[in-house]
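Take a look at the structure set out below.
The values are calculated or read from the model by the stated rules, or taken from the named source; none is laboratory data. This structure is a prediction, so every number in the text was calculated from the model and none was measured. Here the Cβ positions follow ideal geometry from the backbone for every residue, glycine too, while neighbour counts run over all protein chains shown. Calculation scope for accessible area: heavy atoms of the full protein, side chains included, ligands and nucleic acids excluded. Shrake-Rupley method; radii C 1.70, N 1.55, O 1.52, S 1.80 Å.
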Amino acid sequence: MFRCRALLFCLPLISGAAMADETFDRVVAAELSRRYEQTVFEAAARSKDAVTRRAAARAAGRLKSAEAVSWLATLVRDEAGPVRRAALFALGQISGESAFLQLRSALSKLESNDLPVALVALGKTKDPRAVAELTERLQHSRNGVRGAAALGLFRLGDISAIPELMAAVKTERNDDARWRHIYGAWRLMRDAKRAGTLRAQDEWITWITPSLGSTRGYEERVFALRAAMQLEGGPAVALTMLKDEDPRLRIEAIHALSAEWTPERGATIVALATDPDPLVRRMVVDHIGKEPKQAVALLRQLEKSLEKSDPLQVDVATALAKAGERPAAIENEETKWRAGVLLGEVPAEGPKTEKGKLAAAEVCAEESVPTERANAVLAALLEDPDLAIRTSAVSSLGKRAARETSAALRGEYADTLARAARRSPGAEFDETRAEVLRAIVELKIAHPWLREALTDPDEPIRAAAREALLGLGETVPPKKPVGFRLLDQDARGLVAAARKLRGTRVILETNRGEIEIMLLPDEAPVHCVNFAELVKKGFYNGLSWHRVVPGFVIQGGCPRGDGWGGPGYVLPDELGTRPYVRGTVGMPKAGNDTGGCQIFITHLPTPHLDGRYTVYGQMLSGFATLDDIRVGDKIKSARLVAP
């Protein structure tokens, strides 16, 4: 069923007519080059071709140009549903009062199929007047509209809507709508609790509890547990879930209990320290280490229970050092820098191993490390050939510079950072230069290197340097338009290549089993072409999954295996209306338009990622494999399967 639906969705939207349409090509070229051209986009909005009109609306949302609001308002009434929904999505991305007014005025005239997109977009505007419109539709006759209203309220971020959402949780009978109500309530309650403004009602826990039952869906149970943890009776509920038959819920319960430390919870959780699942052991250590001074006995218990070779020993040793306790052994360089420094024992020699260097690069940001010693260590690490080490050293040096009160010394720090950037050329060190930029901007110094960065080969760095100089009151030359190219193809060539990928699947063979992915070339043509080409070259064969966050994502495809690696170029974001559901494939990034070769796949619906991260694939099968993946597991091979 899903495969057919995905194919039908793609076929009419990338058509031969659109490929031949000059206006369509100009819109896509402008979007990929991150240029808003009013005359081009307005002409596209008047095109007789619905695909071109939809492309203009979507591009306007991706570029977030307020100039587009007026003509987007006309496309909200377009005869083609995909065009209307793209325009509604774009107004939400642009946000602001004018976008809010257009969305609100359109609500009464929209078809029910369009309302969900409009309601989520309305929430993105952050306009408090949207509360009334959204809460009213929590009682709508259509399930999809009620669920979208809940997500719109979450997007809006107004905690006054919590009672309305909880009332909807109590009465909702549709599974799809109910998990969205619970999700919205959980996110808002979490924010209110953090701010100390949550006014919970005693009966709320009883309204949530039915959603924890074993007959309910995975999404609903997880979000119900997270919502329950915001309430007084939540921890007791989570303790019972530690024995749930579904291992995913057991892991979620550990994670939930780890949100807040108590000695009783620590004593309960430490019993899981010998669990064969490394993810469970990691979560146990993270929880016990939250309050090390109160958990010394538990940390000693962990220290004895873990194998000496277990990498978690470093974390246990560091937690003990935070409590003022000496670990049983301080043997390797990483432990010497992380735990030893906390005990006032800064190593006399610079680190030699990779883990030792990373630890030193991070620790030298702390005030407890004498300035002269920290700067000497960091200066050496700035020359290291490893991207992660060099970038971490830049980050620490920037933190030390930001604490410096002397203008002269801040200037010297800026000079050192600029030298590090000049010695880190090319795509291999784009993260290093980006970190230098952030550090110098934090110092509020119009350093000459910022002007050098205006010609950096990395577009996000050029854009950030321009913004920084303008923010400091400096004049900058007009921005020169540069056309986007990938794999030696321009925008037209990339869209043509994407069209050939419709219906194409990617099979990731892992050591846990296979994951089957349907590419979505209409949603993200550049990302799909890039992914397909890398798969053809065997790029992913043998790479690992370097990040696993239970109940959230698995992430892999990094050539370095630590999340710092890329293909040597960056991709522009391709945001759209497709939401993140279970098994959605998205592109990790370090900022806007910084995607590359890595992938993440969601365990659960993640509405907070919608409209923020590019979606370029959807899993069709292999969900048990998705749940079983752990850090260090391998992508044995990746292959394309034609329709």
**Request:** Let me know the charge dipole size of region 368-466 about its Cα centre in debye, to the nearest 20, where only the beta-carbon of Lys, Arg (+1) and Asp, Glu (-1) is charged.
**Result:** 400
**Complete:** Per the charge dipole of the chain (beta-carbon charges, Lys/Arg positive, Asp/Glu negative, Cα centre), the residue among T209, L239, G324 reaching farthest to the positive end is T209
**Prompt:** If R77, R639, R54 are ordered by their accessible area, calculated over protein heavy atoms with a 1.4 Å probe, which sequence runs from highest to lowest?
**Reply:** R77, R639, R54
**Prompt:** Ordered by packing density, taken as the mean number of other Cβ atoms within 10 Å over each peptide's residues, highest first, how do 594-606, 539-551 rank?
**Reply:** 594-606, 539-551
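Pairs to check: K357/K444; K355/K444; K355/K634; K352/K634; K308/K355; K243/K290. Give those whose C-alpha atoms are more than 25 Å from each other in this structure. Intermediate results must be reported in sequence, preceding the final value.
Values: K357/K444 29 Å; K355/K444 32 Å; K355/K634 21 Å; K352/K634 28 Å; K308/K355 16 Å; K243/K290 23 Å.
Going by Cα-Cα distance, K357/K444; K355/K444; K352/K634 fall outside the 25 Å limit.
For region 243-278, which GluC sites (Glu not before Pro) pass both filters: DSSP loop (anything but H, G, I, E, B) and at most 10 other C-beta atoms within 10 Å?
Details: sites: E245, E252, E260, E264; in loops: E245, E260.
Sites meeting the loop and neighbour criteria: E245.
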**Request:** Return the sequence-ordered ³J(HN,Hα) values of region 68-79 in whole Hz as given by the Karplus equation 6.51 cos²θ - 1.76 cosθ + 1.60 applied to θ = phi - 60°, using x for Gly and Pro.
**Result:** 7, 4, 4, 7, 5, 4, 6, 6, 4, 9, 4, 6
**Message:** At R0 = 22 Å, how high is the FRET efficiency between K293 and L409 if r is their beta carbon distance? Nearest 0.05 is fine.
**Reply:** 0.05
**Message:** So for each of 211-217, 586-592, 359-365 I average, over its residues, the number of other beta carbons within 10 Å; can you give me the resulting order with the highest mean first?
**Reply:** 359-365, 586-592, 211-217
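Figure the gain on full extension for K109 and A80 (residue separation times 0.36 nm, minus the Cα-Cα span) and round it to one decimal in nm. All intermediate terms of the calculation are to be shown ahead of the outcome.
Values: separation 29, 0.36 × 29 = 10.44 nm, distance 1.45 nm.
Here the answer is 9.0 nm.
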**Item:** Alpha carbon centroid spacing (whole Å) that separates region 72-104 from region 362-409
**Value:** 47
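Whenever you get a sec, compute what percent of the accessible area on region 92-242 sits on carbon and sulfur atoms (1.4 Å probe).
Details: 3010 of 6320 Å².
Looking at region 92-242 in its full context, I get 48 percent from C and S.
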**Charge dipole of the chain about the Cα centre (unit charges at C-beta), most positive-ward option of L443, P347, A496** = A496
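Over all distinct alpha-carbon pairs, what is the Kirkwood Rh of region 78-159 in angstrom?
12.1
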**Projected label distance in nm at Q201 and L620, using a 7 Å step from Cα toward the beta-carbon** = 4.7
**the chain: calculated mean residue ellipticity at 222 nm from DSSP helix runs of at least 4, using -39500 (n - 2.57)** = -15000 deg cm²/dmol
**Cα coordinate range in region 11-159, projected on the principal axes (Å, largest first)** = 46, 27, 21
**Item:** Gyration tensor verdict on region 248-365 (Cα atoms; rounded if a/c is under 1.5, prolate if a/b is larger than b/c, oblate otherwise)
**Value:** prolate
**Prompt:** Taking 0.36 nm per residue of separation and subtracting the Cα-Cα distance, what length does fully extending D310 through E452 add?
**Reply:** 46.6 nm
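Can you bin region 428-518 into rounded, prolate or oblate? Criterion: square roots of the alpha carbon gyration tensor eigenvalues sorted a ≥ b ≥ c, rounded for a/c under 1.5, prolate for a/b above b/c, oblate for the rest.
Details: a/c = 4.02, a/b = 1.91, b/c = 2.10.
The shape class here is oblate.
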**Request:** Residues in region 472-513, backbone N under 11 Å from the label point at K636 (7 Å along the Cα-to-beta-carbon vector): list them, ranges by number please.
**Result:** 509-513
**Message:** Need one number: nm distance between label points at D246 and K170, each 7 Å from Cα along Cα→Cβ, rounded to one decimal.
**Reply:** 2.5
**Rg followed by Dmax, in Å, when the chain is reduced to its Cα trace** = 26.0, 75
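To the nearest 20 debye, what is the magnitude of the charge dipole of the chain about its Cα centre, counting +1 on the Cβ of each Lys and Arg and -1 on the Cβ of each Asp and Glu? All intermediate terms of the calculation are to be shown ahead of the outcome.
Numbers: 90 positive and 85 negative charges, 223 e Å.
Taking the Cα centre of the chain as origin, the dipole is about 1060 debye.
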**Complete:** Gyration tensor on Cα atoms of region 351-433, a ≥ b ≥ c root eigenvalues, a/c under 1.5 rounded, else prolate if a/b beats b/c, else oblate, says oblate
